[in-house]
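The values are calculated or read from the model by the stated rules, or taken from the named source; none is laboratory data. This is a predicted model, so every value here is computed, not measured. Using ideal geometry, Cβ is built from the backbone for each residue, glycine included, and neighbour counts are taken over all protein chains shown.
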């Protein structure tokens, strides 16, 4: 929340000054829904189709591995409808998680659009890499622990984060605002938010708080949970008409986010190392 929150604060201030026009609750729901929509679109366009491109490049880099069966049941180098649909579905699920995380952490990321997008790419790599690169995956043995393959996968994770941040900013300039007395947009945003809370949020908690891929004595998910509580507090203050973020809340949210980044790096590094062939 401060540089990024300066933007949010200025928007909030404008909304407070026009309370007869804008619905504070509706605007909070708009912010939440926008992040979820961004994650879904990026999941199909970048996560799914981008994953297909990466797999095609992998086949070119390793022609000897073409036809080999991967852990998920697809064959390297074989472009099939089923395989493509699997990648799109996997990308959609992964980016739904990424979209939920973006909703939680975005108020704490400083800077304007370009800076925030670059920072988000870095955060995505540090926290999200274990979603795509699992060190014990036998596919990396088939591909000779090729650093080019690992680099492509890491880059894809970063591209997902970058794309969600940029698309969220683009949608923010185009999605209709929630006006007092005009229920249509607010109902839509509330529906999207409810769907995310029911279908995505439990999965996010399950992955980051219980999965083996994020196993550490102190999980990154715990720090992300603190960031989420700070963000929820800020939403509550906005609903009540507050236009500026309490400095203590900014410090707490950014401190927790920094902790999540550090813990994410400690979690991701062993996966990348094993994918490159280092002993476990």
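Mind telling me which of the residues 109, 37, 104, 41 ends up being modelled with pLDDT of 80 or more, buried (at least 16 other Cβ atoms within 10 Å of the Cβ), more than 18 Å from residue 192 (Cα to Cα) and within 26 Å of the chain's Cα centre (by Cα)?
Details: 37 fails: more than 18 Å from residue 192 (Cα to Cα); 104 fails: more than 18 Å from residue 192 (Cα to Cα); 41 fails: more than 18 Å from residue 192 (Cα to Cα).
The unique qualifying residue is 109.
Scan segment 151-162 for residues that are closer than 16 Å to residue 127 by Cα and touching a helix residue (DSSP H, G or I) at 6+ places or on another chain (Cβ under 9 Å) and jot them down. I'd like the intermediate steps shown before the answer.
As a first pass, look at segment 151-162 and keep what is closer than 16 Å to residue 127 by Cα: 151, 153-162.
Within segment 151-162, 153, 154, 155, 156, 157, 158, 159, 160, 161, 162 meet the criteria.
When you look at residue 209, is it more than 25 Å from residue 41 (Cβ to Cβ) and part of a helix (DSSP H, G or I), yes or no?
Considered against the rule, which asks whether it is more than 25 Å from residue 41 (Cβ to Cβ) and part of a helix (DSSP H, G or I), residue 209 comes out as yes.
If residue 216 satisfies all but one of (1) touching a strand residue (DSSP E or B) at 6+ places or on another chain (Cβ under 8 Å); (2) part of a loop (DSSP other than H, G, I, E, B), what's the number of the condition it fails?
If we test residue 216 against (1) touching a strand residue (DSSP E or B) at 6+ places or on another chain (Cβ under 8 Å); (2) part of a loop (DSSP other than H, G, I, E, B), just (1) comes out false.
What about residue 188, is it within 18 Å of the chain's Cα centre (by Cα) and either under 25 Å from residue 111 (Cβ atoms) or assigned to a helix (DSSP H, G or I) (or both)? Before you say what the answer is, go through the steps one by one.
Details: within 18 Å of the chain's Cα centre (by Cα): no; either under 25 Å from residue 111 (Cβ atoms) or assigned to a helix (DSSP H, G or I) (or both): yes.
It is false that residue 188 is within 18 Å of the chain's Cα centre (by Cα) and either under 25 Å from residue 111 (Cβ atoms) or assigned to a helix (DSSP H, G or I) (or both).
Which of the residues that make up segment 200-215 are within 17 Å of residue 35 (Cα to Cα) and either free of Cβ contacts under 8 Å to residues at least 12 places away in the same chain or loosely packed, with under 11 Cβ neighbours inside 10 Å (or both)? Full working, then the answer.
So in segment 200-215, the residues within 17 Å of residue 35 (Cα to Cα) come out as 200-204.
The one that is within 17 Å of residue 35 (Cα to Cα) and either free of Cβ contacts under 8 Å to residues at least 12 places away in the same chain or loosely packed, with under 11 Cβ neighbours inside 10 Å (or both): 202.
Criterion first (crowded, with 19+ Cβ neighbours inside 10 Å and touching a strand residue (DSSP E or B) at 6+ places or on another chain (Cβ under 7 Å)) does residue 23 satisfy it?
Details: crowded, with 19+ Cβ neighbours inside 10 Å: yes; touching a strand residue (DSSP E or B) at 6+ places or on another chain (Cβ under 7 Å): yes.
Yes: the conditions hold for residue 23.
Only one of 252, 223, 278 is in contact (Cβ under 8 Å) with a residue 40 or more places away in the chain and either outside any helix (DSSP H, G or I) or buried (at least 17 other Cβ atoms within 10 Å of the Cβ) (or both); which? Working first, answer last.
On the way: 252 fails: in contact (Cβ under 8 Å) with a residue 40 or more places away in the chain; 278 fails: in contact (Cβ under 8 Å) with a residue 40 or more places away in the chain.
Selected residue: 223, the only one of 252, 223, 278 that is in contact (Cβ under 8 Å) with a residue 40 or more places away in the chain and either outside any helix (DSSP H, G or I) or buried (at least 17 other Cβ atoms within 10 Å of the Cβ) (or both).
Under 9 Å between Cβ atoms, which residue pairs at least 6 apart in sequence (or on different chains) link something in segment 143-157 that is touching a residue at least 60 places away in the same chain (Cβ under 8 Å) and at positive phi with a partner that is part of a helix (DSSP H, G or I) and buried (at least 20 other Cβ atoms within 10 Å of the Cβ)?
Listed by first residue and then by second, the contacts come to 145/275.
Would you check which residues across segment 158-176 are under 30 Å from residue 59 (Cα atoms) and either free of Cβ contacts under 8 Å to residues at least 40 places away in the same chain or surrounded by fewer than 17 Cβ atoms within 10 Å (Cβ to Cβ) (or both) and list them?
158 - this is the single residue of segment 158-176 that is under 30 Å from residue 59 (Cα atoms) and either free of Cβ contacts under 8 Å to residues at least 40 places away in the same chain or surrounded by fewer than 17 Cβ atoms within 10 Å (Cβ to Cβ) (or both).
Look through 179, 140 and report the one residue that is touching a residue at least 24 places away in the same chain (Cβ under 8 Å) and touching a strand residue (DSSP E or B) at 6+ places or on another chain (Cβ under 7 Å).
Working: 140 fails: touching a strand residue (DSSP E or B) at 6+ places or on another chain (Cβ under 7 Å).
Only one candidate qualifies: 179.
Grab the helices (runs of 4 or more DSSP H) fully contained in segment 45-137, keeping just those with 2 or more residues being out of contact with any helix residue (DSSP H, G or I) (no Cβ under 9 Å at 6 or more places or on another chain). Full working, then the answer.
Details: elements: 49-61, 81-105, 113-132.
Passing ranges, in order: 49-61, 81-105.
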